[in-house]
Amino acid sequence: MSAGAPSRTTTLCGVTLDGPVLNGSGTFDAIAARRAFGDVLLERFPFHAFVSKTITAEPRQGNPPPRLWETAAGLINSIGLPNKGLEGFLASDLPELAELPVPLVISVMGFSRDELARLAAAVGEREEVAMIELNVSCPNVETGLVMGADPAETARALERVRPLCERPLIVKLTPNASDPPAVARAAEEAGADAVSLVNTLKGMALGPDGRTPWLGGGTGGLSGPAIRAIALQQVQSVAQAVGIPVIGMGGIATGRHAAELLAAGASAIAVGTESFRDPGAGRRVAAELAAAAPERAVAGRP
């Protein structure tokens, strides 16, 4: 059983889901949650599809602490993508995630087009995987440009990945691009099956002395209610620019927030920061969405 009641099926990139609510990558640790809550997590899983933490080719420790700063209306994180690397993920984490009662979306990030393609190809070979999210928010070591901030870079990345991977590809857009609709169109034209947005916005916080950065990584990504208005505008502009599904996220804490992003043109939505406060937020949002706007719970393009 997945998030929310009543259950309303929807389709995303050809994959049937019980509803439109996903998690934001890295905002819900399903493996740790199952250890904490036991198999009841499987019976009352908060989401209709699960998006993994982003994995990289090699293991990463992440940024030094402190990694979080709570703002008046959100959260700044500087986690730094800690993960076991491709081999460790496939050997250790994927078998556990495959026991979840919903389709799996595996998020990957490479520091070059070849690395991104290798990750997507390796993950795409696994039958447990329903879709792949391409996190293109890092600088390409070959050009110095952030892949997802530049339409041409995004297109070249997709052109490298697409021939090697038959799984549906979701491109995770950065809100820090100068023209997100142009990036989304480039992704679509190069073979993306869907796009998701918004990722976090760049931010920083100063420590108690009021002079030096608090976060160990210096800066971080702002998420939560503070970015909801930005998410709404960017989702609408991107949805009007492309013909592929748009997964909307950014500050969703209630069913009404989800309904607003669906009304703006999203085919599905993702809950992120709210899960830190309420691990069952995805299920609650799905139930509120179905109760308040049942016709929107299944709306959007397939």
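Taken together, the values in this text are just the output of simple stated rules run on the coordinates, not laboratory data. Being a predicted model, the structure only gives us computed values, none of them experimental. Cβ: placed from backbone, ideal geometry, glycine included. Neighbour counts: every protein chain shown.
When the chain is treated as a GNM with alpha-carbon contacts under 10 Å, the residue of Gly218, Gly265, Gly248 showing the greatest mean-square fluctuation is Gly218.
Gain on full extension, evaluated as 0.36 nm per residue between Ala32 and Leu206 minus their Cα-Cα distance, stands at 59.6 nm.
By counting other Cβ atoms within 10 Å of each Cβ, how are Val51, Val102 ranked from fewest to most? Display every interim value, and only then the final one.
Values: Val51 28, Val102 24.
Lowest to highest Cβ neighbour count: Val102, Val51.
When only Cα pairs below 8 angstrom with a gap of at least 6 residues are kept, region 10-292 shows a relative contact order of 19 percent. Each listed q (0.16, 0.22 Å⁻¹) maps to a log10 I(q)/I(0) for region 29-95 from the Debye sum over equal C-alpha point scatterers, namely -0.76, -1.08.
Loop-located trypsin sites (Lys or Arg not before Pro) in region 148-244 (DSSP state other than H, G, I, E, B) with a sparse environment of at most 16 neighbouring Cβ atoms within 10 Å: Arg211.
Phi angles of region 203-209 translate, via the Karplus equation with coefficients 6.51, -1.76, 1.60 and θ = phi - 60°, into HN-Hα couplings of x, 8, 9, 9, x, x, 6 Hz per residue; Gly and Pro are given as x.
Please rank Thr254, Thr54, fewest neighbouring Cβ atoms within 10 Å first, as an exposure proxy.
Placing the least packed residue first, the sequence is Thr254, Thr54.
With helices as the sole contributors, the chain gives -8500 deg cm²/dmol at 222 nm; each DSSP H run of n ≥ 4 counts as -39500 (n - 2.57), and the sum is divided by every residue. Each 20 Å bin, from zero up to the one with the longest distance, holds this percent of the alpha carbon pairs of the chain: 36, 60, 3.
For region 103-199, report the translational diffusion coefficient in µm²/s to the nearest whole number, using Stokes-Einstein at 37 °C, 0.692 mPa s, and a Kirkwood Rh over Cα pairs. Rounded to a whole number, D works out at 257 µm²/s.
If region 161-267 were replaced by its equivalent ellipsoid, with semi-axes equal to the square roots of 5 times the Cα gyration tensor eigenvalues, what would those be, largest first, whole Å? Can you show the working numbers first?
Numbers: eigenvalues 164, 66, 26 Å².
They are 29, 18, 11 Å, listed largest first.
Each of Phe47, Phe37 was scored by other Cβ atoms within 10 Å of its Cβ. Listed from fewest to most, they are Phe37, Phe47.
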